[in-house]
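Data first, discussion second: the structure below is written as structure tokens.
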Ligand code: SF4
């Protein structure tokens, strides 16, 4: 935790107001150059080609924190090129991010953590077993992207909030981080290339519906059957499937288009005709698209990967409802970087 505000958690107006609040006059274009130098380009120090006045640099040195989190480990899965980063934050908390190669050669997305650990307790997720250590601050989220991008052999063009934590449980910090990531002097990532994934926190979904940001939302349901969902997601199951479906309906009306539902396929658990029937009831008239995600097989929690037959039967059931279905690859398994495997562990 830092006492001074961190540069990575600022938009240009924030920097201007902190400096002016201490009597240091700074122009808007100077603040923008300082932030672009640090966040967009990931450089230390201050801009050199069009430098800012020395009194501004001195004031920032005094008032603003610019330290980067320590990278404890980078672990590359040689089978697919996913790279998992483990960071130590200033209070010793650990955070993880994953560099994901995209289909287009030389393009990457970064999977970001919004919390250290997670309070939702999903039974099929290693992060859930950690419990919630703490929320991450906006700058700690942005810092993950800056560090990963700094070493990427190409362009980072997307960010997904799908690492450790439930992003909507840390709503203010996540929305601030997403605003910085999509700002031209921040992450400079297109707003619609930023994805926030929630396990179904109704107040957060409704806040997004009320004031829709440009980033995309993915709702991870896991089951549409009340008791089953509550047993699979004990803490995150504070809202009933009907309440979640109601919030998704409101969100869809606000933003239009199809809402993406992520479905972690648990073999023998959540792909039967009962799930398809429950989904049809809950989401009647709501345009959805489904991302199916296989769990990996080497698991300590007793769940297994769905067979091809189980997956195809579920996909056919969804398609019969008119729901487009895609299978999403969750990579980095060898380095514990895949969905549901982030547990702040070192690979050696
Ligand atoms: S799946 Fe997501 S919400 Fe559930 S415990 Fe893991 S990190 Fe938290």
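For this structure, a couple of remarks:
- Qualifying position, being touching a residue at least 60 places away in the same chain (Cβ under 8 Å), buried (at least 17 other Cβ atoms within 10 Å of the Cβ), within 30 Å of residue 346 (Cβ to Cβ) and touching a strand residue (DSSP E or B) at 6+ places or on another chain (Cβ under 7 Å), among 93, 75: 75
- For segment 108-129, the criterion of being surrounded by fewer than 24 Cβ atoms within 10 Å (Cβ to Cβ), over 17 Å from the mean Cα position of the chain (by Cα) and free of Cβ contacts under 8 Å to residues at least 24 places away in the same chain is met by none of the residues.
- Residue 317 being more than 16 Å from the ligand (Cβ to nearest atom), in contact with a helix residue (DSSP H, G or I) (Cβ under 7 Å, 6 or more places away or on another chain), farther than 19 Å from residue 163 by Cα and in a helix (DSSP H, G or I): yes
- The combined condition, being more than 16 Å from the ligand (Cβ to nearest atom), surrounded by 17 or more Cβ atoms within 10 Å (Cβ to Cβ), within 26 Å of residue 114 (Cβ to Cβ) and touching a residue at least 40 places away in the same chain (Cβ under 8 Å), is fulfilled by residue 334.
- Members of segment 96-115 found to be over 19 Å from residue 187 (Cα atoms) and in contact with a helix residue (DSSP H, G or I) (Cβ under 8 Å, 6 or more places away or on another chain), listed by number: 115
- Any hit, segment 304-313, residues being within 16 Å of the ligand (Cβ to nearest atom), surrounded by fewer than 21 Cβ atoms within 10 Å (Cβ to Cβ) and under 30 Å from residue 87 (Cα atoms): no
- Residue 340 under 30 Å from residue 117 (Cα atoms) and in a loop (DSSP other than H, G, I, E, B): yes
Where a number appears in this text, it was derived from the coordinates with a stated rule and is not lab data. For clarity, every value in this text was computed on a predicted model and none was experimentally measured. When we count neighbours, we look across all protein chains shown, and the Cβ atoms used for this are built from the backbone with ideal geometry, even at glycine.
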